[in-house]
Amino acid sequence: MAETPKKSQVREWTKSILLALGVAMIVRVGIAQAYVIDGPSMEPTLLQNERVVVTRFDFGLALPFVHDAVLTWALPNVGDVVIIESPRDGEDLVKRVVGLPGDVVEIQDGVVLRNGHALADGHVGTCAAGRFREPEPSCETREERAGAHRWQTSDSPAESPGWMSPVRVPAEHVFILGDHRDRSNDSRYFGPVDRRLLRGRARFLD
């Protein structure tokens, strides 16, 4: 029996919808995804409501609604800004990688040390207006660097003790910090993070 024009049209619509959903899933899972910054933890690098485009294939294959990445094939570099799934509540977090497997990370008087070497270059400045949602009067900035990466961090000595005992990063884990050190929920509180929770690298900052 020949197919009616109406049935043929419905079938074409169905194919088009399924194709669009498939393309959207591929983009979300394997290519890129846009994120909107919520909170002050990455100030002054990223501000509330700014957007980042995250490439999701850099470190492995993570599927929606699946806790761990299905496959992993690379680690980030120290200094990379990444999206990572919180090991506490499953929320996506944007943080900076400061330690890789085998590294020893500690904080002394607000300065992050990796394997005994300070990430900060020694310059301390004031927190610029417009780069902080709720700046504290004692807010200070530091320049940090690792390899080709250079970035600015901030903290308020009056609000944060600025000390952390040495932590050795286990195999298959990374150590992450927010750039606004006294406004960030990160590896200081929940420890190094399994690489399978990495969701991508921030490539474009808006």
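Given the criterion at positive phi, surrounded by fewer than 17 Cβ atoms within 10 Å (Cβ to Cβ) and of a type outside the set (D, E), identify the matching residue among G200, G125, G147.
Numbers: G200 fails: surrounded by fewer than 17 Cβ atoms within 10 Å (Cβ to Cβ); G125 fails: at positive phi.
Within the list G200, G125, G147, the selection yields G147.
Could we say that V94 is under 20 Å from E43 (Cα atoms), touching a Phe, Trp or Tyr at 6+ places or on another chain (Cβ under 7 Å), in contact (Cβ under 8 Å) with a residue 40 or more places away in the chain and surrounded by 15 or more Cβ atoms within 10 Å (Cβ to Cβ) here? Give the steps one after another, and end with the answer.
Working: under 20 Å from E43 (Cα atoms): yes; touching a Phe, Trp or Tyr at 6+ places or on another chain (Cβ under 7 Å): yes; in contact (Cβ under 8 Å) with a residue 40 or more places away in the chain: yes; surrounded by 15 or more Cβ atoms within 10 Å (Cβ to Cβ): yes.
Here the answer is yes, as V94 does meet what is asked.
Which is within 18 Å of the chain's Cα centre (by Cα), modelled with pLDDT of 95 or more and more than 19 Å from G39 (Cβ to Cβ), of L113, L100, L119? Outline the logic, then answer.
On the way: L113 fails: within 18 Å of the chain's Cα centre (by Cα); L119 fails: within 18 Å of the chain's Cα centre (by Cα).
Result of the check over L113, L100, L119: L100.
Has segment 144-154 got at least one residue that is basic (K, R), within 17 Å of N77 (Cβ to Cβ) and modelled with pLDDT of 90 or more? Can you show your working first?
Taking segment 144-154 first, the residues basic (K, R) are 145, 150.
Subsequent filtering for residues that are within 17 Å of N77 (Cβ to Cβ) retains 145, 150.
Retained after the next criterion (residues that are modelled with pLDDT of 90 or more): 145, 150.
Yes, some residue in segment 144-154 is basic (K, R), within 17 Å of N77 (Cβ to Cβ) and modelled with pLDDT of 90 or more.
Could you grab me the full set of residues in segment 112-131 that are in contact (Cβ under 8 Å) with a residue 12 or more places away in the chain, outside any strand (DSSP E or B) and more than 18 Å from V81 (Cα to Cα)?
Result: N115, G116, C127, A128.
For segment 132-170, what are the residues that are closer than 15 Å to S187 by Cα and part of a loop (DSSP other than H, G, I, E, B)? If you could, list the steps in order and put the result at the bottom.
Within segment 132-170, the first condition is being closer than 15 Å to S187 by Cα, and the residues that meet it are 162-170.
Correct list: G162, W163, V169, P170.
Residues of segment 113-143 being within 22 Å of L100 (Cα to Cα) and out of contact with any Asp or Glu (no Cβ under 7 Å at 6 or more places or on another chain), which ones? Spell out the reasoning first.
Going residue by residue through segment 113-143, those that are within 22 Å of L100 (Cα to Cα) are 113-121, 142-143.
Answer for segment 113-143, where residues must be within 22 Å of L100 (Cα to Cα) and out of contact with any Asp or Glu (no Cβ under 7 Å at 6 or more places or on another chain): G116, H117, A118, R142.
The values are calculated or read from the model by the stated rules, or taken from the named source; none is laboratory data. Just so it is clear, the structure is predicted and the values come from calculations on it, not from any experiment. We place every Cβ from the backbone using ideal geometry, glycine too, and count neighbours over all the protein chains shown.
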